[in-house]
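Chemist: Starting off with a structure, shown below.
All of the numbers you see were taken from the coordinates with simple rules; none came from a lab. This one's a predicted model, so the numbers in the text were calculated from it and none came from an experiment. Note: ideal-geometry Cβ built from the backbone for every residue, glycine included; neighbour counts use all protein chains shown.
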Amino acid sequence: MSIIPVTVPTGAIRYNTDSNKMECFNGTKWMQVSVSSPDLNGGARGVIAGGEEPSVSNVIQYITIPTAGNAIDFGDLSHATALSGGCASNTRGLITGDYPSTGNDIDYITIASTGNGTDFGNMTISVYNGRAFSNQTRGLHCGGHTPTGQNTIGYVTIATTGDAVDFGDISYGTVWGLAVCASPTRGFMYSGYDGSGNYNTIEYVTIATTGNSQDFGDLQHTETNACGCSNSTRGVVMGGSSGTNDSVIEYFNLASSGNAVNFGDLTTGRYVSGSMASSIRGVCAGGREDPNTAKDIIDYITFATQGDAVDFGNLLAAAKSTTAGLSNAHGGL
């Protein structure tokens, strides 16, 4: 859809079947039409759910991504959990996986309101330390630990409730502690650990279909338990562990295949953080630094630029690491 006929008038409207978005021709190029707003109380909302410090928690907390400040209490999950995945549409958030019980639970929340999590259904397998990503329609959970590594990808339809359905497999391994992000059409899985070593692989799936992941490129570093997020064009990986606490941030362009390049650094190296994003900012919340010290730091980066992360605020004391992160304005929406 890159060829523009010379007869297209300024102001013409079309539906782009590749991105599933309405577009308007401005005389030079097609521009995406904004048909909804994720704004809540001044901006897009990021949610941090579960985690541990020192015991496993059921606390849900939230931030307003365009601002800076400390997290605020949202409510409680239906059960205490850590090392879960988080994904969302612009109305509903899902928290997938269960630790320490290695369950298959999925909870959901309504992002515009505060309140407790409600049972959504079950994943295709019982697992923890997998990750989740989504577009507006589907939420996918991938990988994890049972305690052996898994390569399973399952999906649900976010607007309904019910059990997950098999999507395919992660091609590069039975992996846990991976990072993920999404555009409206593609979901990306990268880094992680398979019991013998860390990966630097980036792979992707087409969210609207089913099937196994395909090769996209490589990260510069081999990481596990890093956090990933994206806007609609650029994905990032932040922190993680490669034997030491890593502060490195890398990025890659979602629309084309290729390797990641350096972006900057977090304010401090850490792993098992929660992540979330708006169209402008990516956020890394909490995490641990060796020797197993939980951190309540929240950092953010600006996707359009490169550079080091900036302090945003702090998490609530109830849960500081191994949290699940999600937002109503991430790159898959």
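Chemist: In what order do Ile249, Ile13 fall by count of nearby beta-carbon atoms within 10 Å, going from fewest to most?
Modeler: Working: Ile249 24, Ile13 10.
The most exposed by this proxy come first: Ile13, Ile249.
Chemist: Order 232-239, 164-171, 307-314 from most to least packed using the mean count of other Cβ atoms within 10 Å.
Modeler: Numbers: 232-239: 25.2, 164-171: 18.1, 307-314: 16.0.
Most protected by this proxy first, the peptides run 232-239, 164-171, 307-314.
Chemist: Moving on. Can you give the Kirkwood hydrodynamic radius for the range 270-315, in Å, rounded to one decimal and based on Cα pairs? All intermediate terms of the calculation are to be shown ahead of the outcome.
Modeler: On the way: mean 1/r = 0.0913 Å⁻¹.
Computed over the range 270-315, the radius equals 10.9 Å.
Chemist: D for the range 192-241, whole µm²/s, Stokes-Einstein with Kirkwood Rh over alpha-carbon pairs at 4 °C and 1.567 mPa s: what number? Working shown, then result.
Modeler: Numbers: Rh = 12.2 Å.
It diffuses with D of about 106 µm²/s by this estimate.
Chemist: Give the peptides 126-135, 103-112, 65-74 in descending order of average Cβ contacts within 10 Å, highest first. Walk me through the intermediate numbers first.
Modeler: Numbers: 126-135: 27.1, 103-112: 21.2, 65-74: 16.4.
In descending order of packing, they fall as 126-135, 103-112, 65-74.
Chemist: Provide Rg over Rh for the range 207-333; use the alpha carbon set for both Rg and the Kirkwood Rh (inverse mean inverse pair distance).
Modeler: 0.96
Chemist: For the chain, what is the Kirkwood estimate of the hydrodynamic radius, computed as the reciprocal of the mean inverse distance between distinct Cα atoms, to one decimal in Å? Before the final figure, lay out the partial values.
Modeler: Working: mean 1/r = 0.0518 Å⁻¹.
Hydrodynamic radius (Kirkwood, Cα pairs) of the chain is 19.3 Å.
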